[in-house]
Amino acid sequence: MKIVYGPISSPCMGKAIAVDPIGRHPKACNFNCIYCRLGQNGMVLLERATFIDDDLILEQMGECLYRDECCGVMFKGTGEPLLATNIFAVARKIKEAAPKKVALLTNCSLLLEPGIIEELGVFDIIIAKLDAASDDTFQQVNRPHPSIRHSDIIQGMKEARDRFPGSFRIQVTLVRENLDEMDDIAQLCREICPDHVYLNNPELCDPSHQLSKREAEAAWDKFFGIRCASSKEKE
Ligand code: SF4
């Protein structure tokens, strides 16, 4: 299982190294999104834990970190990266070792846990997933652990947006199941007021969830006035 891989072409940093602090196959996550590129199997996990030792992650990064073509490091996992209790310590060690940008892609489910928002300051960029404006759509699209509430996700995003000193961005994944709610999702984005919104059209998921080109274009139109970009990543 690769814990460090890349370079990936990241829309927020250019060429970046990806770090997976979960390192599980099948995945270990507190969501089971219908479009998940890791498939539908895996462990639904709520408790945070250390999955991979800090030193092993840093050892796998090796000299990749120091290459000029590496503009940054993106934490994204085989599960929600913030489930890894050592993620902040590893991010701090990376920043001490090299002057690179460090970003986190998160499903926002753990933002209201004690101490998490304070620790986010170690990152330069947060990319927060937002796929639903209502609990019904949240259940349909993200299929979270039963204890996770949509209202807490939104509250966590708003608090993080207010207190995080770096660049706060939102990623919306466009699927058939949230298409009717796109106006409300765009409105939520306006309220949270991120620095940027990425609209993600998943290509690896079951075709029954995917939008046609025309539907995707119509969804983009809902975000009129918001700074948007496609979140397509090349690995
Ligand atoms: S949050 Fe990410 S890793 Fe977890 S199920 Fe959704 S897409 Fe997959």
Checking the structure you have, find out if any residue of the stretch 203-211 is in contact with a Lys or Arg (Cβ under 6 Å, 6 or more places away or on another chain), part of a loop (DSSP other than H, G, I, E, B) and loosely packed, with under 15 Cβ neighbours inside 10 Å.
yes
Selection from the stretch 194-210 of residues that are in contact with a helix residue (DSSP H, G or I) (Cβ under 7 Å, 6 or more places away or on another chain) and under 17 Å from residue 133 (Cβ atoms)
194, 197, 199
Restricting attention to the stretch 98-109, report how many residues are in a loop (DSSP other than H, G, I, E, B) and either away from the ligand (no atom under 11 Å from the Cβ) or of a type in the set (Val, Ile, Thr) (or both).
3
Which pairs do you get when a residue that is farther than 17 Å from residue 231 by Cβ, found in the stretch 164-180, comes within reach of a residue that is within 14 Å of the ligand (Cβ to nearest atom), reach meaning Cβ atoms under 6 angstrom, with the pair 6+ apart or on two chains?
176/209; 177/140; 177/141
Could you please tell me which pairs satisfy a Cβ distance under 7 Å, a separation of 6+ or placement on different chains, a first residue in the stretch 68-83 that is at negative phi, and a second residue that is near the ligand (Cβ under 9 Å from one of its atoms) and of a type in the set (D, E, K, R)?
78/27
With the condition kept exactly as written, say whether any residue in the stretch 5-25 is buried (at least 18 other Cβ atoms within 10 Å of the Cβ), away from the ligand (no atom under 13 Å from the Cβ) and closer than 25 Å to residue 114 by Cα.
yes
Could you count how many residues in the stretch 121-140 are within 12 Å of the ligand (Cβ to nearest atom) and in a strand (DSSP E or B)?
3
Could you please find all residues in the stretch 55-97 being assigned to a helix (DSSP H, G or I) and either within 16 Å of the ligand (Cβ to nearest atom) or among the hydroxyl-bearing types (Ser, Thr, Tyr) (or both)?
66, 81, 82, 83, 87
What are the residue pairs meeting all of these: first residue in the stretch 35-49, first residue touching a residue at least 12 places away in the same chain (Cβ under 8 Å), second residue near the ligand (Cβ under 8 Å from one of its atoms) and assigned to a loop (DSSP other than H, G, I, E, B), Cβ atoms under 7 Å, and 6 or more apart or on different chains?
38/78; 44/30; 44/32; 45/30; 46/30
Taking the stretch 26-54, which residues are part of a strand (DSSP E or B), surrounded by fewer than 16 Cβ atoms within 10 Å (Cβ to Cβ) and of a type in the set (Gly, Ala, Ser)?
49
What are the residues in the stretch 90-115 that are on the phi < 0 side of the Ramachandran plot, surrounded by 18 or more Cβ atoms within 10 Å (Cβ to Cβ) and within 17 Å of the chain's Cα centre (by Cα), if any?
91, 101, 102, 103, 104, 105, 106, 107, 109, 110, 111
In the stretch 161-175, which residue that is away from the ligand (no atom under 16 Å from the Cβ) and touching a helix residue (DSSP H, G or I) at 6+ places or on another chain (Cβ under 7 Å) is farthest from residue 126 (Cα to Cα)?
163
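Values in this text are rule-based calculations from the coordinates and carry no lab data. Fair warning: this is a prediction, and the values are worked out from it, not measured in the lab. Counting neighbours? That spans all protein chains shown, and the Cβs are built from the backbone with ideal geometry, glycine included.
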